[in-house]
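The values are calculated or read from the model by the stated rules, or taken from the named source; none is laboratory data. Here the structure is a predicted model, which means the values were calculated and not measured. Every residue, glycine among them, receives a Cβ derived from its backbone with ideal geometry; neighbour counts consider all protein chains shown.
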Amino acid sequence: MFGLKFRNLFIVLFMILFMIWFGLSAGCSDSSSADDTDSDTSDNSDTDSQKDDTDSQKDDTDSQSGDTDTSTKDTDTVIDSDVPVDTDNEWGFEIRTPQSRVVSCENSWENTEYDWTTEDVDWLCSFDYDGTEGVIYIQNTPTACKVIMMESPIFTSAAAQIWTKGNNTVEELDDAVYDWGGNHHNDSLQFTFNGTIFKYYHSSFGFGWRSCNTMDCIQILNSDGSVKEDGCGCDRALPIVCKQIQKDGTYAELTDDFEVCLGDSCLDKK
């Protein structure tokens with residue numbers, strides 16, 4: 001009888017100990033799971049935070065990029081709008097006041113690229129060929145630069161027009177191109193009028209093959225660029241006069257003040 005009671009007591013104690021052990025194990029498991037869950041939540045929170053930071057940085061970058069684009073457009077607007085224009089001239093041209101421009105120069109020798117400030121180069125020139133007399137006006141805006149020892153601007157002709165006597169009207173000139181003329185600045189102007197290709201150039205060059213006058217004569221060109229009729233010899237057979245528009249928008253009268261350059265071989269033929 002005593003043995004039976006002892007056995008029953010042992011079974012009860014075993015069951016109590018088992019229940020205590022099971023309860024402790026379950027508690028540890030829940031705690032560990034909760035910690036893991038909290039850790040995952042923390043990781044997700046960190047990830048979301050990093051994502052928010054990345055998105056914020058991206059938004060800042062986009063904002064800065066947008067500001068840069070706007071600044072560039074604004075700069076273009078400042079340069080090209082509100083430029084004083086003279087319309088009070090006898091030919092009816094809209095003569096602008098030349099502006100400063102910033103262009104990009106690439107030095108292939110030194111493998112460098114940099115910004116360079118230069119000016120518009122606009123001209124008023126006389127026209128006299130085959131019985132037609134008049135005046136031409138051309139706007140030349142620097143848009144690029146090439147470097148061969150020193151900077152030479154490359155131009156885009158923004159406007160090219162001619163006024164002719166008798167007609168008293170302004171007509172557009174085709175295919176107008178102004179060339180700075182390299183380091184020696186032996187510049188030229190080429191355009192097409194009434195199907196003829198004209199080149200305004202120089203008839204005199206001094207020491208070092210450098211012109212000492214503004215463009216002063218006409219060459220008639222073939223379609224391949226070769227000279228068909230040369231009015232730029234020593235006799236200056238096809239003379240013209242060119243005056244550059246000054247920085248304040250003024251210009252001199254189209255008076256011929258040509259002189260043969262010192263050191264020109266044409267002097268020996270006088």
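Applying the selection to the range 239-270, what residues are under 37 Å from the mean Cα position of the chain (by Cα) and hydrophobic (A, V, I, L, M, F, W, C)? If the condition is that a residue be under 37 Å from the mean Cα position of the chain (by Cα) and hydrophobic (A, V, I, L, M, F, W, C), then 240, 241, 242, 245, 252, 254, 258, 261 are the ones that fit. Part of a loop (DSSP other than H, G, I, E, B), free of Cβ contacts under 8 Å to residues at least 60 places away in the same chain, surrounded by 15 or more Cβ atoms within 10 Å (Cβ to Cβ) and touching a strand residue (DSSP E or B) at 6+ places or on another chain (Cβ under 8 Å) - does that describe any residue in the range 236-247? For the range 236-247, residues part of a loop (DSSP other than H, G, I, E, B), free of Cβ contacts under 8 Å to residues at least 60 places away in the same chain, surrounded by 15 or more Cβ atoms within 10 Å (Cβ to Cβ) and touching a strand residue (DSSP E or B) at 6+ places or on another chain (Cβ under 8 Å): present.
Residues in the range 148-192 that are among the acidic types (Asp, Glu) and out of contact with any Ser or Thr (no Cβ under 9 Å at 6 or more places or on another chain): 172 alone. Does residue 219 qualify as being within 27 Å of residue 88 (Cα to Cα), touching a strand residue (DSSP E or B) at 6+ places or on another chain (Cβ under 7 Å) and either modelled with pLDDT under 95 or surrounded by 15 or more Cβ atoms within 10 Å (Cβ to Cβ) (or both)? For residue 219, the condition - within 27 Å of residue 88 (Cα to Cα), touching a strand residue (DSSP E or B) at 6+ places or on another chain (Cβ under 7 Å) and either modelled with pLDDT under 95 or surrounded by 15 or more Cβ atoms within 10 Å (Cβ to Cβ) (or both) - is not met. Applying the criterion of being among the hydrophobic types (A, V, I, L, M, F, W, C) and touching a residue at least 40 places away in the same chain (Cβ under 8 Å) to the residues of the range 155-174, the residue that is surrounded by the most Cβ atoms within 10 Å (Cβ to Cβ) is 163. Counting only strands (runs of 3 or more DSSP E) that sit wholly inside the range 108-200, not one has at least 1 residues that are out of contact with any strand residue (DSSP E or B) (no Cβ under 8 Å at 6 or more places or on another chain), modelled with pLDDT of 95 or more and not hydroxyl-bearing (Ser, Thr, Tyr).
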